[in-house]
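For reference, the structure discussed in these notes is given below.
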Amino acid sequence: MAGSPRVGVLALQGDVREHVALLVGLGAEAVLVRRPEELAAVDGLVIPGGESSVIDKLSRAFGMQEPIRAAISAELPVYGTCAGLILLADEMRDGIGGQQSFGGMDIAVRRNAFGRQTESFEMSLDVPMLGEPPVHATFIRAPIVERAGDAVEVLATLPDGGIVAVREGPLLGTSFHPEVDGETRFHQVFLESVREYTSGR
Ligand code: GLN
């Protein structure tokens with residue numbers, strides 16, 4: 001049936017409001033997800049930027065880790081920005097002791113990959129899938145994808161070859177934060193996956 005896709009933003013910690021505003025601006029119905037029953041009611045999930053170790057801890061405390069893993073296995077479209085990308089990685093490097101990810105993408109991601117000197121920076125980034133204009137990308141204590149499996153599409157790389165945007169089936173991840181720059185095209189790609197997912201049911 002036509003209508004707004006109903007998507008969730010994981011609202012345990014991080015820049016939840018920016019994602020909600022952007023998704024609503026694109027015509028989606030955006031709801032906050034903190035509990036398993038809220039997750040069960042959405043057709044896509046955004047995992048925001050923030051602090052991946054905190055989102056990990058809270059997701060376990062709220063009984064959300066297993067439901068999110070199950071939803072990913074059931075091919076729910078998920079878009080992770082920054083900390084969200086870390087949480088989608090099968091392999092995490094430089095996590096704090098005991099830190100876990102949800103996994104789902106066949107990638108290895110290093111947290112805080114730019115070190116203390118370069119905590120934050122902005123740059124113009126070519127993303128061939130999105131065409132022109134280039135993306136104005138804001139990196140904040142950002143991760144880098146250090147390994148991407150064969151099934152993973154690399155969507156964007158830095159001039160030094162570092163991978164900063166990836167897609168694997170219905171899973172999308174960026175090291176940077178389109179939601180803070182009003183860059184809507186990644187969320188549009190995510191919403192296309194959501195529409196495909198709902199039409200296939
Ligand atoms: N460094 C953070 C982490 O490890 C990610 C930062 C961000 O989401 N902007 O989770």
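No lab work stands behind these numbers, since they all come straight from the coordinates. Quick caveat, the model's predicted, so the values are computed rather than measured. Counting neighbours? That spans all protein chains shown, and the Cβs are built from the backbone with ideal geometry, glycine included.
Could you please state, rounded to a whole Å, how far the C-alpha centre of the stretch 1-74 is from the C-alpha centre of the stretch 119-138?
Going from one Cα centre to the other spans 24 Å.
Relative to the present Cα-Cα distance, how much length would full extension add between residue 31 and residue 151 at 0.36 nm per residue of separation?
Stretched fully, the residue 31-residue 151 segment lengthens by 40.2 nm.
Rounded to the nearest angstrom and ordered from largest down, what semi-axes does the equivalent ellipsoid of the stretch 1-119 get from its C-alpha gyration tensor (root of 5λ)?
Its equivalent ellipsoid spans semi-axes of 24, 16, 13 Å.
Per residue, what volume in Å³ does the convex hull of the Cα atoms of the chain enclose?
109 Å³
Sequence-distant or interchain residues sharing an amide H contact under 5 Å with residue 44, placed H: which?
Excluding prolines and chain starts, which carry no amide H, the hits are 8.
Go ahead and estimate [θ] at 222 nm for the chain from helices alone: -39,500 (n - 2.57) per DSSP H run with n ≥ 4, summed, over the residue count, rounded to 500.
It comes out at -7500 deg cm²/dmol, rounded to the nearest 500.
Working out 0.36 nm times the residue gap between residue 96 and residue 66, then minus their Cα-Cα distance, what length gain in nm do you get to one decimal?
Using 0.36 nm per residue and subtracting the Cα-Cα distance, I get 8.8 nm.
Can you list, largest first and rounded to whole Å, the semi-axes you get for the stretch 108-201 by taking the square root of 5 times each eigenvalue of its Cα gyration tensor?
Whole-Å semi-axes of the equivalent ellipsoid: 23, 16, 12.
What translational diffusion coefficient, to the nearest whole µm²/s, does the stretch 43-85 have by Stokes-Einstein, given a Kirkwood radius computed over alpha-carbon pairs, a temperature of 25 °C and 0.890 mPa s viscosity?
Translational diffusion coefficient: 232 µm²/s.
Amide H of residue 144: which non-local residues (sequence gap of 5 or more, or other chain) have their own amide H closer than 5 Å, using H built in the peptide plane?
Amide H neighbours of residue 144: 110, 113.
Can you give me the relative contact order of the chain as a percent, contacts being Cα pairs under 8 Å and 6 or more apart?
19 percent
Please report 186, 114 as a ranked list, fewest other C-beta atoms within 10 angstrom at the top and most at the bottom.
Arranged by neighbour count, lowest to highest, 186, 114 become 114, 186.
Convert each backbone phi in the stretch 148-155 into a coupling constant with the Karplus relation 6.51 cos²θ - 1.76 cosθ + 1.60 (shift: θ = phi - 60°), then list the ³J(HN,Hα) values in order as whole Hz, x for Gly and Pro.
Once θ is set to phi - 60°, the couplings for the stretch 148-155 become 10, x, 4, 7, 9, 8, 8, 9 Hz.
What ³J(HN,Hα) values, in whole Hz, does the Karplus curve 6.51 cos²θ - 1.76 cosθ + 1.60 give for the stretch 43-57 when θ = phi - 60°, with x put for Gly and Pro?
3J(HN,Hα) across the stretch 43-57, in whole Hz: 10, x, 9, 9, 9, x, x, x, 10, 4, 5, 6, 4, 4, 4.
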